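Read through the structure below, which is laid out as structure tokens, and then see the notes.
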Amino acid sequence: MVMEEGEQGLDLLKSMSLVGFGGAALPTSIGDDLVNKGVRLISRMGSAECGFLLCSARDDFDTDKEWQFLRCKVDDDMLAFEQRDGGLFELVVKPGWPLKEHANRSDGSFATADLFEQHPTIMNAWRYHSRADTQIALDNGKKFDPSPIEDAILAQVPTLLEGVLVFGAGRTYPGALLFSKEGLADSSSVIDTVWPVMDKVNNSSPSHARISREMLVLVPNTNGQPPLEKSSKGTIMRGKAEKQYLRYIEGAYTPAVTDEKKGVGVEDIPASVYQKFTQVAGRELDCDEDLYLQGVDSMACSQIRRLIEAEIMPVDKSKLPMNVIYDNGSINKLGKFLQELINSKQAPQFETLMPHVWMVRLEEVLRESDHSSKALLQFWKDRYARRPVNGVGYGGMQTKPSFRVTEAQRASRAISDIKPLDQEAILNMWGWIQTNKLGSGGA
């Protein structure tokens, strides 16, 4: 803001009864700075379909600095906020709103598709979050809005990038296309600069929306034209962009592996595994410490497993169990497991325990056990039995870690509160599974 940068401009803004903005987001840092310097800043929101809707005018500008939170001072028969997933609320304009020109519901209401978060302490105060129709849905059903991520990256490195496109619809984890300025072709240096920004954005994003360094893909600008077409409202035409840059998106999920690169020497596996972890995490990790405690979440594990299968494991042993990383717990234990696996003379047989069979039998084992064992059983049910295609990995080289108590405790709040767990029952269950050798669809 030019006016905000000079003292005279700031004095003029401070002398006004209200200073409003609309049509596009105002960077938080600028808004906070203006408000802290005494400017009575308000945000205004409206739409072509419904006219003016909300603003962030406050009763006391000296004590209420929440300029981003729009205030709703009318009843639900005019404006309503309907709850949606993730603790968000959609603004719905009711038939009683005097400026409403259009409806998209049978009762005459207009659902705006604008999502808001509610202020934790101020009644009827709502901060704009995202659009419901632009959210990315991953293959596990979890959703997130890519726009704040794209805006945050672009705002921090405007001299390097023309645009950012976050992708991941229908995939296990997301990524981002980085469109460089014309003449910047060194992908490594651009990504080196962008990664610290991305890492900071990840810290404030839900775990399923975090993007690893490995999933940052540079797209060079060779014609000097804007890389992303936008709508009249300034939003990325996402579907069109994803089709246009499909080869870059597909490439991000398909590691480039040559015949010479496929498979590494057994003695080099620990170092290669460590390199894959740092490649995805974008930072150094402790080889002996629990990976979950170091912030290596399930999204990162999926990417690391994919890289290990593609670039480390030999062709005849490249398919690994879904939970191989968490089952081993640390980088060193995983490296040792992979070395043993490659040294084995036979191809691994990761059999599948049939959930409808083994869950019934486990329940029989636990029928007389205490509450903690039943809570652990419920965790296994929730984690595995609802995904019968994946099942539960079991093989001659896997041992008790497939049912690690620590994994259950860190994944389930209910279990972490139960101390102590019935360790004897857990050992009995594992021994029973090995004795009966459930697998290959056995009854």
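The values are calculated or read from the model by the stated rules, or taken from the named source; none is laboratory data. Fair warning: this is a prediction, and the values are worked out from it, not measured in the lab. Note that each Cβ is placed from the backbone with ideal geometry, even for glycine, and that neighbours are counted across all protein chains shown.
Name the single residue, out of those in region 133-149 being among the polar types (S, T, N, Q) and at pLDDT below 85, that is surrounded by the most Cβ atoms within 10 Å (Cβ to Cβ).
The first filter runs over region 133-149 and keeps only residues among the polar types (S, T, N, Q), leaving 134-135, 140, 147.
From what's left, at pLDDT below 85: 134-135, 140.
Details: Thr134: 14, Gln135: 20, Asn140: 13.
In this case the residue turns out to be Gln135.
Scan region 265-286 for residues that are farther than 26 Å from Thr193 by Cα and buried (at least 17 other Cβ atoms within 10 Å of the Cβ) and the total you get is 2.
Note on region 17-32: among residues that are under 21 Å from Leu53 (Cα atoms) and of a type in the set (A, V, I, L, M), the one that is nearest to the chain's Cα centre (by Cα) is Ala25.
The residues of region 40-91 that are touching a Gly at 6+ places or on another chain (Cβ under 9 Å) and among the basic types (Lys, Arg) amount to a single one, Arg44.
Scanning region 275-327 for residues that are over 23 Å from the mean Cα position of the chain (by Cα) and either aromatic (Phe, Trp, Tyr) or part of a loop (DSSP other than H, G, I, E, B) (or both) yields Asp286, Cys287, Asp288, Glu289, Ile312, Met313, Pro314, Ser318, Lys319, Leu320.
Out of Ser188, Ser207, report the one residue that is more than 17 Å from Asp151 (Cβ to Cβ), within 14 Å of the chain's Cα centre (by Cα), polar (S, T, N, Q) and at pLDDT below 90. Before you say what the answer is, go through the steps one by one.
Working: Ser188 fails: within 14 Å of the chain's Cα centre (by Cα).
That would be Ser207, the only listed residue that is more than 17 Å from Asp151 (Cβ to Cβ), within 14 Å of the chain's Cα centre (by Cα), polar (S, T, N, Q) and at pLDDT below 90.
With respect to Arg210, is the statement that it is within 24 Å of Arg305 (Cβ to Cβ), of a type in the set (D, E, K, R) and surrounded by fewer than 20 Cβ atoms within 10 Å (Cβ to Cβ) true? I'd like the intermediate steps shown before the answer.
Values: within 24 Å of Arg305 (Cβ to Cβ): yes; of a type in the set (D, E, K, R): yes; surrounded by fewer than 20 Cβ atoms within 10 Å (Cβ to Cβ): no.
When the stated conditions are applied, Arg210 does not pass them.
Total residues in region 190-241 satisfying the condition of being farther than 29 Å from Gly282 by Cβ, touching a residue at least 12 places away in the same chain (Cβ under 8 Å) and in contact with an Asp or Glu (Cβ under 7 Å, 6 or more places away or on another chain): the figure is 1.
Region 56-114 holds strands (runs of 3 or more DSSP E) entirely within its bounds, and those carrying 1 or more residues that are touching a His at 6+ places or on another chain (Cβ under 7 Å) map to 69-71.
Residue-wise test of (1) hydrophobic (A, V, I, L, M, F, W, C); (2) farther than 15 Å from Arg238 by Cβ; (3) buried (at least 20 other Cβ atoms within 10 Å of the Cβ); (4) touching a Phe, Trp or Tyr at 6+ places or on another chain (Cβ under 7 Å).
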residue	(1), (2), (3), (4)
Pro98	no, yes, no, no
Ser106	no, yes, no, no
Arg131	no, no, no, no
Asp151	no, no, no, no
Leu178	yes, yes, yes, no
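Of all residues in region 19-40, exactly one satisfies the criterion of being within 30 Å of His102 (Cα to Cα), among the hydrophobic types (A, V, I, L, M, F, W, C) and at pLDDT 90 or above, namely Val19. Scanning region 74-108 for residues that are without any contact (Cβ under 8 Å) to a residue 40 or more places away in the chain and closer than 30 Å to Ala209 by Cβ returns Leu79, Ala80, Glu82, Gln83, Gly87, Phe89, Leu91, Val92, Asn104, Arg105. Among the residues of region 314-329, the ones that are closer than 19 Å to Glu267 by Cβ and modelled with pLDDT of 80 or more come to 1 in all.
Here is a list: Gln349, Gln378. Which entry is at pLDDT below 55, surrounded by fewer than 16 Cβ atoms within 10 Å (Cβ to Cβ) and of a type in the set (S, T, N, Q)?
Details: Gln378 fails: at pLDDT below 55.
Going through Gln349, Gln378 in turn, the sole match is Gln349.
Total residues in region 40-83 satisfying the condition of being within 11 Å of Trp126 (Cα to Cα) and either in contact with a Lys or Arg (Cβ under 9 Å, 6 or more places away or on another chain) or among the basic types (Lys, Arg) (or both): the figure is 9.
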